[in-house]
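Here the structure is laid out as structure tokens; the discussion comes afterwards.
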Amino acid sequence: MKSAEYRYTTESWAKWPLVFAAVIFGVLGAQTASKIWMTDYWEEWTRIGFGAMAAAITVFLSAYRIRKAFFSRMMGSMATWRQSHLYLGLLTALLIMSHTNFRVHGEFGIMMIIIFCFVVISGIVGEIIYRTIPVWLSKQGIDALELDSQRREAEEVLTLADEIVEGSSPEFKEYYGKKIRKYFARNYLPSYYLFNTEKEVIQRRQILFESLTKGVPHGDKTYLRNLEILYMERDKMDYRWSRLRILRWWHIIHVPANVALLAAVFLHILSIAYF
């Protein structure tokens, strides 16, 4: 049976596209009506209204960062805020196009559109990234520095692996040096961390060490098991760290772009009011 929270999330996602489609038809209908039935004066004010709505939504979307910093169930779930963030961002794109009559005027206007398109595209990419990261892991983004301190570098893991096999037989030490040690010596994050779940990564490790069991003397299987535990512990930490590192890169790109967009909107409003 699906949980109530899962059903609520699924139903919420199903409603958003319908609401978004209805709002799109409303905006396009208002724009068409202003061109057909309204005077130039009211048509201009309709365009100004679209621009004001786009500016207000842009400011509101910035509150998503506040929502993440001050988590409270009374403010709604993070999934709901992400849904609203995504669809309101797309709505803002339509409002801006309606505000400009689907035309771009001047170098400053071109710059604003470029920044806005970059923010929208990076926002869509961010939604895709969040969908590939478990919710419990994305919440650790605030504690990323703590995760960094827990993550062991390859040299440290290799040292621990060498210590584990110190009491083993000469045959196992030789087998370890030729076959196993290279797995602990790597200092990179494999690409399959990004395209598999944590469970699938661990299953790959189990298959790897099962294949290594064939060349291990019976009396040394405990050492191999301890090496497997160490390796899977490092894999779990690296897997989580690699996912959170993607979030960091995305924040470095998306957040400054959003700040630049807010600054451009403010300058645009100030220039219109002044001139």
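Coordinate-derived values only; no laboratory data. Every value quoted in this text rests on a predicted model; they were computed, and no experiment measured them. Cβ placement follows ideal geometry from the backbone for every residue including glycine, while neighbour counts extend to all protein chains displayed.
Odds and ends about this structure:
- Dipole orientation for segment 146-245: of the candidates Ser242, Thr197, Tyr183, Thr197 has the Cα lying most toward the positive pole (charges on Cβ; Lys, Arg +1; Asp, Glu -1).
- Rotationally averaged projected area of segment 146-245 (alpha carbon convex hull; nm²): 6.3
- Exposure proxy ranking for Met237, Met97, based on other Cβ atoms within 10 angstrom of each Cβ and starting from the fewest, stands as Met237, Met97.
- Each of Ile113, Ile48 was scored by other Cβ atoms within 10 Å of its Cβ. Arranged with the fewest first, they read Ile48, Ile113.
- Of the peptides 165-173, 86-94, the order by per-residue mean of other Cβ atoms within 10 Å, starting with the highest, comes out as 86-94, 165-173.
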